[in-house]
Amino acid sequence: MSGAGVKMTETVAVPVVVPNSAWRREVEKRSGQKVTACYQCEKCTNGCPAAFAMDTVPHRLMRQLALGLESEVLAANTFWVCASCETCTTRCPNGIDIAHVMDTLRQLSLPGANPAAKNAAILNSEFLGSIRRHGRVHELEMVTGYTLKSEGIAGLLRQTGVGLGMLRKGKLKLLPSKLRGVKQVKGIFRRVVKG
Amino acid sequence: MTMKVSYYPGCSLKGTAREYGESVEAVFRHLGMELDELADWNCCGASSAHAVSDELAVGLGLRNLEIADRTGFDLVVPCAACFQRLKVAEKAVKSGKVKPQNGYRGAFRIRHLADFLGEDISPKLVKERVKKPLEGLKVVCYYGCLTSRPPEITDAARPEDPETMDNLMTLLGADVENWSYKTDCCGGNLILTRPKVAKKMVQKLFDKALEAGADAIVVACPMCFSNLDMKQAELTRETGREYHLPILYLSELLGLAFGDRDTGKWLRGHEVDPRPLLKEKGLL
């Protein structure tokens, strides 16, 4: 085994990790999930159908979370790529609701802080805005608003053919259906904003 | 006495998935059961509400449960996402996390359409209604994510290998193929925000369904349907592999087998036209 040229005494720079248990506890409290129960079996990552598009795969994100590495975690695209399919939650041997932890991280992200959140933030705002106004989602309004804000006029024009086809098939309604109890729905939104 | 069930159609079934809504209503008529649509139901919040606030997501679901509680009939939900959101609200009430209005009993069950048809009513009743067995039609059943996951919320007995739709399709006389991708995510949730990721996920399902020898994929969710039905032309262009696999709602095939006259009307709305396949099999 000689000739490899490895000097056993060579020092290797190991990045210094400073755990931040306060932030970890905040995530645990908000999500109701004990992230420190994770023992890195990697079942979540191996079962994740979207892991191929993630910069930090789920089990690694869970480890960073356990260490409380706030800026690393919140900069990852993981929870914006996550499709909320709940496979990780279903298979976690330690009963961690990982998909719900992903929700908590979405909720903790500051607007505009993570470029991976851009489209999701537009979609959520258009979708929830439609519910708030009408009590139900008006699909035409929601998709038009989303496409315009995420892809501009050019994007909207590209989708015109699909939209017209669906209108012809009676699959898109021009007008929203309005609830009698739309005030109650608005009340649900108001309570959450206040809380 | 006709059996009555509460019905939560959800936003899609009144719009982009109207053929699902219309065929569900027809199937219940054939079975002699009455669907009592929840009066003034609201959107369940789908995937956007829980990404923004747990309280909002549960609050939107809970209002619908309070409406269903007035009659106390079991609540049938055809959309997988709506189903799971209503179950999340139900569990939040049961665990005491939220308090419903005074007098709430919550004695009804929330059932996804496939589970209701496959488990809650007698297979004999379904079989008796079959006028046109789906002989020669090779299908794979696709359950997607939220009809069964996570089982703590959905109360699914077989979250990794559900079989309610497989059993129903067998009852109708279809040739049900086995495959390992029944509950693999199609990426429907990402179709607007990350279309490239979603297309990779859905392409895998097509490849595996074709490998299993299927002529069509049977679904029970309007989100899965849109994603599977509407992306095939694009995938064909982008990958050079020909994708033309009809996607059929569970209720459309039940309606077809029951001899419903509106079947052709429902199928007209599909992007991948299933009518040539069904005509070739002598079913339409």
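The values are calculated or read from the model by the stated rules, or taken from the named source; none is laboratory data. These figures come from a predicted structure and were not determined experimentally. Don't worry about glycine lacking a Cβ; one is built from the backbone with ideal geometry, like all the others, and counts go over all protein chains shown. The accessibility values were calculated without ligands, DNA or RNA, using every heavy atom of the protein model including side chains. Shrake-Rupley method; radii C 1.70, N 1.55, O 1.52, S 1.80 Å.
Worth a mention:
- Residue within the range A:95-103 that is hydrophobic (A, V, I, L, M, F, W, C), farther than 16 Å from B:Ala57 by Cα, at pLDDT below 95 and surrounded by fewer than 22 Cβ atoms within 10 Å (Cβ to Cβ) present: no
- In the range B:133-170, residue farthest from B:Val88 (Cα to Cα) [restricted to those that are free of Cβ contacts under 8 Å to residues at least 60 places away in the same chain and open to solvent by 40 Å² or more (accessible area, probe 1.4 Å)]: B:Thr170
- Test: A:Arg30 is at pLDDT 95 or above, of a type in the set (Lys, Arg) and under 20 Å from B:Val52 (Cβ atoms): yes
- Exactly one residue among A:Arg106, A:Arg63 is crowded, with 19+ Cβ neighbours inside 10 Å, without any contact (Cβ under 8 Å) to a residue 40 or more places away in the chain, among the basic types (Lys, Arg) and assigned to a helix (DSSP H, G or I), and that residue is A:Arg106.
- Residues of the range B:86-97 satisfying the condition of being open to solvent by less than 40 Å² (accessible area, probe 1.4 Å) and touching a residue at least 40 places away in the same chain (Cβ under 8 Å): B:Leu86, B:Lys87, B:Val88
- Scanning the range B:171-186 for residues that are surrounded by fewer than 18 Cβ atoms within 10 Å (Cβ to Cβ) and away from chain A (no Cβ under 14 Å) gives B:Gly173, B:Asp175, B:Glu177, B:Asn178.
- Among the residues of the range A:75-94, those identified as open to solvent by less than 20 Å² (accessible area, probe 1.4 Å) and in a helix (DSSP H, G or I) are A:Thr78, A:Phe79, A:Val81, A:Thr87, A:Thr89.
- Total residues in the range A:80-101, condition under 10 Å from the mean Cα position of the chain (by Cα) and more than 9 Å from every other protein chain (Cβ to nearest Cβ): 1
- Within the set B:Ala80, B:Ala57, the sole residue that is touching a strand residue (DSSP E or B) at 6+ places or on another chain (Cβ under 8 Å), hydrophobic (A, V, I, L, M, F, W, C) and surrounded by 24 or more Cβ atoms within 10 Å (Cβ to Cβ) turns out to be B:Ala80.
- Matching entry among A:Ser150, A:Ser130, A:Ser84, A:Ser125 (being on the phi > 0 side of the Ramachandran plot and polar (S, T, N, Q)): A:Ser84
- Hits in the range B:14-49 - residues which are part of a helix (DSSP H, G or I), open to solvent by 10 Å² or more (accessible area, probe 1.4 Å) and within 14 Å of another protein chain (Cβ to nearest Cβ): B:Lys14, B:Arg18, B:Glu22, B:Ala46, B:Ser47
- Residues of the range B:100-127 that are closer than 16 Å to B:Ala57 by Cβ and surrounded by fewer than 21 Cβ atoms within 10 Å (Cβ to Cβ): B:Pro100 alone.
- Test: residue in the range B:68-76 that is within 26 Å of A:Asn124 (Cα to Cα) and aliphatic (A, V, I, L, M): no
- Residue check for A:Gly47: under 18 Å from the mean Cα position of the chain (by Cα) and at positive phi: no
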